[in-house]
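Reading through the structure tokens given below for one structure.
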Amino acid sequence: MVVTRTEAVTKTKYKVYIDGQFAFVLYKGELSRYHVIEGQKLSEEAYEKIRGEILTKRAKLRAMHLLNAMGRTESQLTEKLKQGGYPEDIVKEALAYVKSFGYVDDINYARNFIDHRKDKKSRKEIVMLLRGKGVSDEDIERAMEECYEKETAVLAIEKLMRKRRYVPGEASYEGKQKFMAYLMRKGFSYDDVCRALENG
């Protein structure tokens, strides 16, 4: 295998291309330590050492650091590691590592996400937000079943009514229709909206 190109990412980090394909990112000192020189051959032994001793360890530490900063879904963490220039198989290895400690758990992430938003947002909104974070429909459904009670949507609507200072008994017909349309746009069902307005 031949190092076809080394491309500076920062003053200390370089993208390394082998046989015309992007391979990995290394620090300047690592390029000289493993004799990664543009236009020259890279031994199989050096290649495996870079992947095993440098990249795998670094990807695991990076994954831990990212999770320490904030909770992430498997999809979000995968994307972050890929952005860091880690090869796909090493990204999978790093994910398996953090998952083995229970640090990445999409169902648990979804549960926490729902619990912190179910009194402010509709079920539909929460589903869309979780999908946007890469949580599977199966995991979303399971978390919803565990966290969402029948009255949750009504309580969320009542909270929005207080926030917007909407009082059903004092609102005009036009005001009521406008507020109902607002709630429906937010993803609340017609039945839940009617129940909440009747309660109010």
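Quick note: the coordinates plus some simple rules give every number you see, no bench work behind them. Computed from a predicted model, the values in this text were never measured in an experiment. Cβ placement follows ideal geometry from the backbone for every residue including glycine, while neighbour counts extend to all protein chains displayed.
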Problem - Distance in nm between pseudo-label sites at Ile37 and Arg165 (7 Å out along the Cβ direction from Cα) - result: 7.5
Exercise for the section: Can you tell me the 0 to 90 degree angle between the C-alpha axis of helix 88-100 and the longest principal axis of the chain, rounded to 10? Expected result: 60
Exercise for the section: With a Förster radius of 45 Å, plug the Cβ-Cβ distance of Tyr27 and Met128 into 1/(1 + (r/R0)^6) and report the FRET value to the nearest 0.05. Expected result: 0.65
Fill in the blank from the handout: Listed by chain and number, the lysines with an alpha carbon less than 30 angstrom from that of Lys176, same-chain partners under 8 positions apart left out, are Lys118, Lys120, Lys121, Lys124, Lys150, Lys159, Lys163, Lys186
Problem - Cβ-based charge dipole, the chain, positive-most Cα from Met180, Ser43, Gln21 - result: Met180
Practice task
Just subtract the alpha-carbon distance of Val2 and Arg142 from 0.36 nm times their residue separation and send over the number in nm, one decimal.
Solution key: 45.5 nm
Problem - the chain - mean residue ellipticity at 222 nm from DSSP helices (-39,500 (n - 2.57) per run, n ≥ 4, rounded to 500) - result: -17500 deg cm²/dmol
